[in-house]
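One structure is given below, encoded as structure tokens.
The values are calculated or read from the model by the stated rules, or taken from the named source; none is laboratory data. These numbers were taken from a predicted model, which means no experiment stands behind them. Backbone-built Cβ (ideal geometry, glycine too); neighbour counts: all protein chains shown.
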Amino acid sequence: MKISITSLLFVLASTPALSVLACDVPVTPPTPDRSSATLEEMISAQGEVKAFQAANAEYLECVDGQMASEKAAIDEGDESAEERYALAAADYNAAVSREEQVAADFNTAIRAYKAANPD
């Protein structure tokens with residue numbers, strides 16, 4: 001059996017399981033060094049955290065859309081959509097956890113900075 005590259009790419013591109021790849025996972029920003037960060041570094045880090053949160057919100061919307069598509073496919077009887085839905089839900093939950101961790105790490109850095117720089 002001979003399959004052309006074009007046919008293979010078409011099938012791969014139209015497979016719902018791969019459409020989650022269209023959702024860009026945002027890069028987690030680094031946490032400032034609590035023991036040596038300057039005010040400027042803390043302000044810069046705050047901007048990076050806010051940018052990450054905005055990008056993560058877009059990512060969550062994208063994954064949520066993917067979950068809705070997979071749910072519709074499940075409702076139409078596509079049994080393979082259940083696994084794709086579960087994977088998308090796991091990605092969604094992981095993104096929420098990542099955002100919570102970024103916020104917790106940054107808040108810890110802020111408290112340490114304020115303790116080291118009481119002025």
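Data table
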{"item": "Residue that is nearest to residue 102 (Cα to Cα) [pool: residues in region 40-54 that are aliphatic (A, V, I, L, M) and touching a Phe, Trp or Tyr at 6+ places or on another chain (Cβ under 8 Å)]", "result": "49"}
{"item": "Qualifying residue in region 18-27 (condition: more than 30 Å from residue 82 (Cα to Cα), of a type outside the set (D, E, K, R) and modelled with pLDDT of 95 or more)", "result": "no"}
{"item": "Region 97-118, subset of a type outside the set (D, E, K, R) and exposed (fewer than 11 other Cβ atoms within 10 Å of the Cβ), residue nearest to residue 59 (Cα to Cα)", "result": "97"}
{"item": "Residue 59 being under 28 Å from residue 32 (Cβ atoms), in contact with a helix residue (DSSP H, G or I) (Cβ under 8 Å, 6 or more places away or on another chain), modelled with pLDDT under 95 and among the hydroxyl-bearing types (Ser, Thr, Tyr)", "result": "no"}
{"item": "Out of 68, 116, sole residue that is in contact (Cβ under 8 Å) with a residue 12 or more places away in the chain and of a type outside the set (Asp, Glu)", "result": "116"}
{"item": "Of the criteria (1) assigned to a loop (DSSP other than H, G, I, E, B); (2) within 30 Å of residue 119 (Cα to Cα), which one residue 44 fails", "result": "(1)"}
{"item": "Region 52-75 - residue that is exposed (fewer than 14 other Cβ atoms within 10 Å of the Cβ) and over 14 Å from the mean Cα position of the chain (by Cα) and, of those, nearest to residue 89 (Cα to Cα)", "result": "68"}
{"item": "Unmet requirement for residue 110, which otherwise passes all of (1) under 26 Å from the mean Cα position of the chain (by Cα); (2) farther than 25 Å from residue 42 by Cβ", "result": "(2)"}
{"item": "Cross-chain or 6+ apart pairs with Cβ under 6 Å, region 24-42 first and farther than 10 Å from residue 109 by Cβ, then among the small types (Gly, Ala, Ser)", "result": "26/55"}
{"item": "Check on residue 88, touching a residue at least 60 places away in the same chain (Cβ under 8 Å) and assigned to a helix (DSSP H, G or I)", "result": "yes"}
